[in-house]
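Read the structure below first, then the notes.
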Amino acid sequence: MVQVMKTIGCWVLPVLFAVSCVSQGPKKSPMIADVDPIPLGSVSIAFNQVFSSALDTKEVPVQFNPRDDTVSLEFRYQTVIYRQYWDRAGRDRFIAAVRQYQADFAARNLSTRAAKSRAAYGGTGAKVEWGQFAFSVNACSYPRVDLGYRFKGNSPYFTVVQREARDILMPSADDSRTSLQITAYFTRTMADKAAALFDPAYLAEVLEAQGISDETEEEPVADPYF
C-alpha cells in the first residue's frame, strides 16, 4: 500500500506542474451586436525593456468587439505582436481593481513586497492571440491574469500580469508553444483611462453613437405563474 501511494505521488507532481501552464480554455461571451470591431482609441501602457530595469511606454490601440463582447488591446512585446481580449467579467474585475488600488494609494496602504502585491486585487482569465505580424494569428492561449501593483524605485504602478499559457491551436507534447509572461504597468492616470474604456456605460454609449442597439438578452428576474 505504501509503495502504491509513493507511485501515485510520483505521478501527481508532474501532472500538477503541467496543468499550471495549460490554458484555461475559451469562455463563451454573449453577442452584443453583429457588427465589425469598433476602435476606441488608445491607452498608454508601460512594459519592461529587455536587458534594462527601465520601462518602455507604448500607445496601445484598443477596440470593442461587439460580436463576442470583448475589448482587445494590441501591443508589440519584444518581437511578437500580442492581442489581449477582455470579456465583461474581466473588465469588471479590472475596474474594481483600479478603484481599490486608487484607494490604497491614497491611504498609503501599498506594500513594497512584490510577492504580496502582484495579485493583491485577485485575477481573471483572458484570451491572448499572438504572431509575428499585425492581423496574423499564429497562436492562441487562455492565460490567467493577475491584478495588483509593483514598485519601480520609489514609484508604485498598477500592474496586469499575463501569465504563461500553452498555445491551443497547435498543441504538441514535444513542442508546446506558450505565450510569454508579460507585465503591463499603469500610472494612476493611465489605469483610470483604461478603466474608463472598459466601463459598460461607456461601451453602451459607443454602440448608441453608431446607431446600434444592444442585442444581449436579459434573463427574467422571475417566472410569472399567475
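Coordinate-derived values only; no laboratory data. These numbers were taken from a predicted model, which means no experiment stands behind them. Here Cβ is always computed from backbone atoms with ideal geometry, including for glycine, and neighbour counts include all displayed protein chains.
Using amide H atoms built 1.01 Å from N in the peptide plane, name the residues 5+ places from GLY122, or on other chains, whose amide H lies under 5 Å from its own.
Residues meeting the amide H criterion: LEU147.
Eight or more residues apart or on different chains, and alpha-carbon atoms under 17 Å: count the Lys pairs in the stretch 23-201 matching that.
Details: LYS27/LYS127; LYS28/LYS127; LYS58/LYS193; LYS116/LYS152.
Lysine pairs meeting both conditions in the stretch 23-201 amount to 4.
Can you compute 3J(HN,Hα) from phi for each residue in the stretch 85-99, using the Karplus curve 6.51 cos²θ - 1.76 cosθ + 1.60 with θ = phi - 60°, rounded to whole Hz and x for Gly and Pro?
Whole-Hz 3J(HN,Hα) from phi for the stretch 85-99: 9, 10, 7, 5, 4, x, 5, 4, 5, 4, 4, 5, 5, 5, 4.
DSSP loop trypsin sites (Lys or Arg not before Pro) in the stretch 51-140 with at most 11 other Cβ atoms within 10 Å of their Cβ, which ones? Please report the intermediate quantities before stating the final value.
Details: sites: LYS58, ARG67, ARG76, ARG83, ARG88, ARG91, ARG93, ARG99, ARG108, ARG113, LYS116, ARG118, LYS127; in loops: ARG67, ARG108, ARG113, ARG118.
Sparse-neighbourhood loop trypsin sites (Lys or Arg not before Pro): ARG108, ARG113.
Would you grab the residues whose amide H sits under 5 Å from the one on ALA139? Only those 5+ places off in sequence or on another chain, please, with H modelled 1.01 Å from N.
Distant-sequence amide H within range of ALA139: TRP130.
Within the set of other residues whose C-beta is less than 10 Å from the C-beta of VAL60, count the net charge using Lys and Arg as +1 and Asp and Glu as -1. Walk me through the intermediate numbers first.
On the way: positive: LYS58, ARG76; negative: GLU59, GLU74.
Computed value for this residue: 0.
Per q in 0.10, 0.12, 0.13, 0.15 Å⁻¹, report the Debye log10 I(q)/I(0) for the stretch 23-201, using one uniform scatterer on each alpha carbon and no solvent.
With no solvent term, the Cα-only Debye profile gives -0.38, -0.55, -0.65, -0.88.
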